[in-house]
Every structure is written in C-alpha cells, then in structure tokens.
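**Student:** After the structure tokens below, expect a handful of questions from me.
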Amino acid sequence: MASYQTAKVSNINGRPNQFEITGTQGQKYFQSYDSTIIFITSEGSVNLDEKYWDYSRTTGKYRNIFLGETKKETEQKIKTGEYQLLNLNTP
C-alpha cells in the first residue's frame with residue numbers, strides 16, 4: 001500500500017472561513033474566506049498578501065492570532081523587510 005501525506009486544515013479558534021493550513025513540507029498558510037493572507041515557508045520566511053494582509057477588522061484579528069503578534073509588530077516587520085509583501089492570490 002502506498003503512503004501519502006496530506007495538508008491539514010483547521011479553523012482558527014473554531015471560526016468558520018478563517019483557516020490555518022499546514023502543508024506536507026511544514027509550510028503554513030492563513031486563509032480568510034477564499035483569499036490567502038499569509039504564507040510561511042518551511043524555512044520560516046513570512047510572506048503576506050500585499051492587498052489582503054490588512055483587508056478588514058476580522059482578517060486583522062485572525063492574522064494577529066495566526067502570527068501571535070499585534071498589527072503594529074507586523075507593520076514594523078514589513079518596514080524592516082523581515083516580512084515580504086507579495087501577491088499571494090494570482091488567478
């Protein structure tokens with residue numbers, strides 16, 4: 001029998017439409033509704049979607065939970081280049 005690995009998906013704090021996805025190689029995603037908000041590589045690099053990372057109050061609340069930090073801390077990490085802003089939702 002062949003073995004395979006699958007990604008794991010869970011709701012953040014049991015909230016519908018707010019998902020934490022863990023890939024088979026250890027990468028992590030935060031998805032709000034149908035938009036990818038954050039992608040963390042298996043090496044730990046943090047990438048935020050340039051359009052949706054601060055889209056709404058709800059997105060912000062669950063972004064903060066996912067990253068374990070405040071919006072102010074996230075903004076500082078973007079400013080210093082620790083976090084990259086990319087288009088994570090290309091068609």
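Read-outs: derived from the displayed coordinates by stated rules, not from any lab. Quick caveat, the model's predicted, so the values are computed rather than measured. Virtual Cβ from ideal backbone geometry, glycine too; neighbours counted across all protein chains shown.
**Student:** Only one of these conditions is not met by THR24: (1) more than 23 Å from LYS79 (Cβ to Cβ); (2) within 9 Å of the chain's Cα centre (by Cα). Which number is it?
**Tutor:** With respect to (1) more than 23 Å from LYS79 (Cβ to Cβ); (2) within 9 Å of the chain's Cα centre (by Cα), THR24 is out only on (2).
**Student:** I would also like to ask the following. With respect to the numbered conditions (1) outside any strand (DSSP E or B); (2) closer than 24 Å to THR6 by Cα, which one is the sole condition not fulfilled by TYR52?
**Tutor:** Of everything listed in (1) outside any strand (DSSP E or B); (2) closer than 24 Å to THR6 by Cα, TYR52 misses just condition (2).
**Student:** Now for a separate question. Just checking, which of THR74, THR59 is among the polar types (S, T, N, Q), surrounded by 15 or more Cβ atoms within 10 Å (Cβ to Cβ) and under 12 Å from SER35 (Cα atoms)?
**Tutor:** THR59
**Student:** Is region 45-65 home to any residue that is among the charged types (D, E, K, R), over 12 Å from the mean Cα position of the chain (by Cα) and more than 19 Å from PHE19 (Cα to Cα)?
**Tutor:** no
**Student:** Next up: When residues of region 14-34 are filtered for being acidic (Asp, Glu) and surrounded by fewer than 18 Cβ atoms within 10 Å (Cβ to Cβ), how many remain?
**Tutor:** Total satisfying the criteria: 1.
**Student:** Further, regarding this structure: Would you be able to say whether some residue in region 67-86 is in contact with a Ser or Thr (Cβ under 7 Å, 6 or more places away or on another chain) and assigned to a helix (DSSP H, G or I)?
**Tutor:** Looking through region 67-86, at least one residue is in contact with a Ser or Thr (Cβ under 7 Å, 6 or more places away or on another chain) and assigned to a helix (DSSP H, G or I).
**Student:** Among the residues of region 10-49, count how many are in a loop (DSSP other than H, G, I, E, B) and free of Cβ contacts under 8 Å to residues at least 12 places away in the same chain.
**Tutor:** Counting residues in region 10-49 that are in a loop (DSSP other than H, G, I, E, B) and free of Cβ contacts under 8 Å to residues at least 12 places away in the same chain gives 4.
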